[in-house]
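Structure, as structure tokens:
The values are calculated or read from the model by the stated rules, or taken from the named source; none is laboratory data. In this text, all values refer to a predicted model and were calculated from it rather than measured experimentally. Cβ placement follows ideal geometry from the backbone for every residue including glycine, while neighbour counts extend to all protein chains displayed.
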């Protein structure tokens, strides 16, 4: 599969306890509530956020950009929605999709603090990874995490990601240049 467009982007991917839906502007309220509620929880793992990042217009603009990236094939941005309550409990993003001989992307994910420890992110990522490998046709997913992010490291290991190295001063996170452990997962599905 070498097409740049993702023509098979689903309306949703259902798991036992979640709906994974493509990011779009209709989820402004859910995304904003998630961001505000989890601001302190996510801050150690994200770039510094200005107050405007949490404003409704800014959230709408980000979701619109994510939707365009989904449509153009540059990314797969998925929101994790609780089917029972309709609230956003997390997200997973397959970004920087590169085609040609590379066929790879970067994975990022987050989960609301109050939903940690329930296996929800593992459940979501298992389904999302199958989709990205089987339907999108990517060969490699890379996930880079700070060494002190033990919870995410354990999750990636359980999903089959392998450590490939350490990138010094890799990303500016929470206001400082931070080292990151480089990991990847290779698609084991035979090419069609």
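Does any residue of segment 176-185 turn out to be modelled with pLDDT of 95 or more, under 26 Å from residue 25 (Cβ atoms) and either out of contact with any helix residue (DSSP H, G or I) (no Cβ under 9 Å at 6 or more places or on another chain) or surrounded by 16 or more Cβ atoms within 10 Å (Cβ to Cβ) (or both)? Within segment 176-185 (the criterion being modelled with pLDDT of 95 or more, under 26 Å from residue 25 (Cβ atoms) and either out of contact with any helix residue (DSSP H, G or I) (no Cβ under 9 Å at 6 or more places or on another chain) or surrounded by 16 or more Cβ atoms within 10 Å (Cβ to Cβ) (or both)), the answer is no, since none of the residues qualifies. Each residue in segment 37-60 was checked for being assigned to a helix (DSSP H, G or I), in contact with a helix residue (DSSP H, G or I) (Cβ under 9 Å, 6 or more places away or on another chain) and within 23 Å of residue 175 (Cα to Cα), and 11 of them qualify. Within segment 132-161, the residues that satisfy the criterion of being within 21 Å of residue 19 (Cβ to Cβ) and more than 13 Å from the chain's Cα centre (by Cα) are 133, 134, 135, 136, 155, 159. Any idea which residue in segment 69-109 is surrounded by the fewest Cβ atoms within 10 Å (Cβ to Cβ), counting only those that are without any contact (Cβ under 8 Å) to a residue 24 or more places away in the chain, over 19 Å from residue 11 (Cα atoms) and over 13 Å from the mean Cα position of the chain (by Cα)? Result: 101. Taken over segment 59-68, residues that are over 13 Å from residue 33 (Cα atoms) and either in contact (Cβ under 8 Å) with a residue 60 or more places away in the chain or surrounded by fewer than 20 Cβ atoms within 10 Å (Cβ to Cβ) (or both) amount to 6.
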